[in-house]
Amino acid sequence: MFTRTRRLRGNKRLREMVKNVTINLDELIYPIFIEEGENIKEEIKSMPGQYRFSLDKLPDELKELNELGIKSLLIFGIPKIKDEKGSQAYAENGIVQQGIKVIKKYFPDFIVVTDVCMCEYTSHGHCGILCGKDVDNDKTLEYISEIALSHVKAGADIVAPSDMMDGRVLAIRNKLDANGFVNIPIMAYSIKYASSFYGPFRDAADSAPSFGDRRTYQMDFRNSKDFYREVEADIEEGADFIMVKPALAYLDVVKSISDIHLPIVAYNVSAEYSMVKAGAMNGWINEKGIVMETMYGMKRAGVDIIITYHAKDIATWVKNNEILL
Ligand code: PBG
């Protein structure tokens, strides 16, 4: 006797019936980059198909995304002026704050998630306030919570701190609550590794550190235990979503936390996208096949929500009946 696992794969209907992992557009978050200036729709060299938009060019893109059935956006801003303290990150008329207002004016139904961090706004490119050559954790918390508050005041639906300072979820929660925003959720980049997979993003957002690296605050991928502490801390501090980033090399981590009682978000980051695009542009891989296999891989591991630059392509393939979700 042996086991006939092929029995349940015999035809398409049967395979459809027994499949137990599904994806739909409600679960995808599409990142967009907005930049100060006018008349800009500039392709990001290392991320083919992704653009930096000035605010005047944003409504056309939003219209397209809306028609494709994209529901949620993650906003990144690129300011004209950077300084030591990243003051454009929490300015009332900063690029992200203005961008949120544009989105909410034209398409109020989009769920607007904002990346709360300082690296795109500081002259040194680090994710916080420096003390000598390192980032001062507790001082940075004051700034991070101001940034989050300024996004929420502008109309953000969810704030997503990505700086990796200890205590930022609590600092943001307290700040939002004290200002009457008790119902704004925090999507914590709880498990964020120091990773080469962010390379193309740093081109896109001009956010590479001018010296050193981020290893005193982002996590070391050679440790297989410390992610539990990050998750415990963030849940205790009041996080509403737990994010794992990058995604593909870290699905073991997702699996290990998959029984927590909060939605798990995976960030399918820039290099994960760019490598697929490079392969596809060279004709070496089947792009749709690779992208969808990857999406299902994340879901199978226990991911609930996926932040992905592929979201627009996926929505387009669905619309054109090239794939079925
Ligand atoms: C920090 C931030 C980064 C990404 C998202 N938020 C860059 C970093 O930590 O260096 C990376 C996203 C990607 O690679 O797609 N603001």
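If you take the square roots of the eigenvalues of the alpha-carbon gyration tensor of region 167-257 and sort them as a ≥ b ≥ c, do you get rounded (a/c under 1.5), prolate (a/b over b/c) or oblate? Cα axes put region 167-257 in the oblate bin.
Taking a ≥ b ≥ c as the square roots of the eigenvalues of the alpha carbon gyration tensor, region 272-323 is oblate, as a/c is not under 1.5 and a/b does not beat b/c. Compute the Cα gyration tensor for region 20-243, then decide on rounded, prolate or oblate, letting a ≥ b ≥ c be the square roots of its eigenvalues: rounded whenever a/c is under 1.5, prolate when a/b is larger than b/c in the other cases, and oblate in all that remain. Cα axes put region 20-243 in the rounded bin. By the count of neighbouring beta-carbon atoms within 10 Å, fewest first, Ile323, Ile103 end up ordered Ile323, Ile103. Kindly work out what percent of the DSSP beta bridges joining two residues of the chain are antiparallel, to the nearest 5. Given both bridge residues lie in the chain, the antiparallel proportion sits at roughly 15 percent.
In percent, rounded to a whole number, the relative contact order of the chain is 18, using alpha-carbon pairs under 8 Å and six or more apart. Highest GNM mean-square fluctuation among Ile305, Ile290, Ile29, for the chain modelled with Cα contacts below 10 Å: Ile290.
Among Gly297, Gly132, Gly155, the largest mean-square fluctuation in a Gaussian network model of the chain, built with springs joining Cα atoms closer than 10 Å, belongs to Gly132.
Computed extension length for Thr316-Asp304: 2.2 nm, one decimal, from 0.36 nm per residue of separation with the Cα-Cα distance subtracted. Spin-label pair Ile260-Asn174: with each label point 7 Å from Cα along the Cα-Cβ axis, the two points sit 2.2 nm from one another.
Every number in this text was worked out from the coordinates using simple rules, so none of it is lab data. If you're wondering where the values come from, they're calculated on a predicted model, not measured in any experiment. Neighbour counts run over all protein chains shown; Cβ positions are idealised from the backbone, glycine included.
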